[in-house]
Amino acid sequence: MSPAQRGPAEHETRERILSAAYEHFGQFGYDKTTVSELSRAIGYSKAYIYRFFESKQAIGEAICAQCLERVVEDAATASADSKSSAEALRRLIRTIAAKGRELLDEHRKLYDVAANSATERWNSYLAFEEGIKALLEHIILAGRESGEFERKTPLDETSRAILLMLQPFMNLAMLQHNRADFPQGVEEVTNLILRSLAP
């Protein structure tokens, strides 16, 4: 039964399982948390939990999806009211990097789950990348229409290239190795991207 087919009670149960898993992953780490421990913490049998999630990874993916969706939402909000496309892009990149750094510095064990999602290319992480790519394409198109950005390079090629340039600060598996480059490195990469977009 898919989540869309479940009623309010089932949705509440699913959220309770996710909340307990969030606490356990945050306290003990993803690798050290078992479904048996989660079942004891919330008073459900393992079999009952498996009615909602087919594996521990499925629980981890759901938690990652919630965290990463918030990053995309925050990035969209930060870039929405910008006076120019260049400013929108700058705000977008700063927000993505800042939210990743916040997760790394303040929620390390949850960061480890998210980093694992990037390394193993979970669907939750792929959706995150697609969300950021869609925001990038929206900003690039607006910049092309206003004359701020060049129009010769195919849009998909441009957005993919920018995503590649942002990997040190966006890819959660890589970010921990680039923390010394905050915030100067983020600004330098952003400046390079904006120069490459100039008409």
Could you grab me the full set of residues in the stretch 97-151 that are in contact with a Gly (Cβ under 8 Å, 6 or more places away or on another chain) and either among the hydrophobic types (A, V, I, L, M, F, W, C) or within 29 Å of A198 (Cα to Cα) (or both)?
-> L110, V113, W122, F149
Counting only residues that are in a helix (DSSP H, G or I) and open to solvent by less than 90 Å² (accessible area, probe 1.4 Å), how many does the stretch 10-44 have?
-> 20
If you check E150, E145, E130, E157, which single one turns out to be at pLDDT 95 or above, over 26 Å from T13 (Cα atoms), surrounded by fewer than 16 Cβ atoms within 10 Å (Cβ to Cβ) and within 11 Å of the chain's Cα centre (by Cα)?
-> E130
Within the stretch 124-173, which residues are charged (D, E, K, R), part of a helix (DSSP H, G or I) and under 20 Å from S84 (Cβ atoms)?
-> E137, R144, E145
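If you take the residues of the stretch 163-176 that are more than 16 Å from V72 (Cα to Cα) and touching a helix residue (DSSP H, G or I) at 6+ places or on another chain (Cβ under 8 Å), which of them is surrounded by the most Cβ atoms within 10 Å (Cβ to Cβ)?
Within the stretch 163-176, the match that is surrounded by the most Cβ atoms within 10 Å (Cβ to Cβ) is L175.
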Within the set of pairs 6+ apart or on separate chains, which have a first residue in the stretch 158-185 that is in contact (Cβ under 8 Å) with a residue 40 or more places away in the chain, a second that is aromatic (F, W, Y) and open to solvent by 10 Å² or more (accessible area, probe 1.4 Å), and C-beta atoms under 7 Å apart?
-> L175/F169
Here are A47, A118: which of them is part of a helix (DSSP H, G or I) and within 12 Å of the chain's Cα centre (by Cα)?
-> A118
Test each condition in (1) within 30 Å of G147 (Cβ to Cβ); (2) free of Cβ contacts under 8 Å to residues at least 60 places away in the same chain for K99 and report the one that comes out false.
-> (1)
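The values are calculated or read from the model by the stated rules, or taken from the named source; none is laboratory data. Because the structure is a prediction, the values reported are computed rather than measured. Glycine gets a Cβ as well: all are built from the backbone with ideal geometry, and neighbour counts include every protein chain shown. For accessibility, only protein heavy atoms count, side chains too; no ligands or nucleic acids. Shrake-Rupley method; radii C 1.70, N 1.55, O 1.52, S 1.80 Å.
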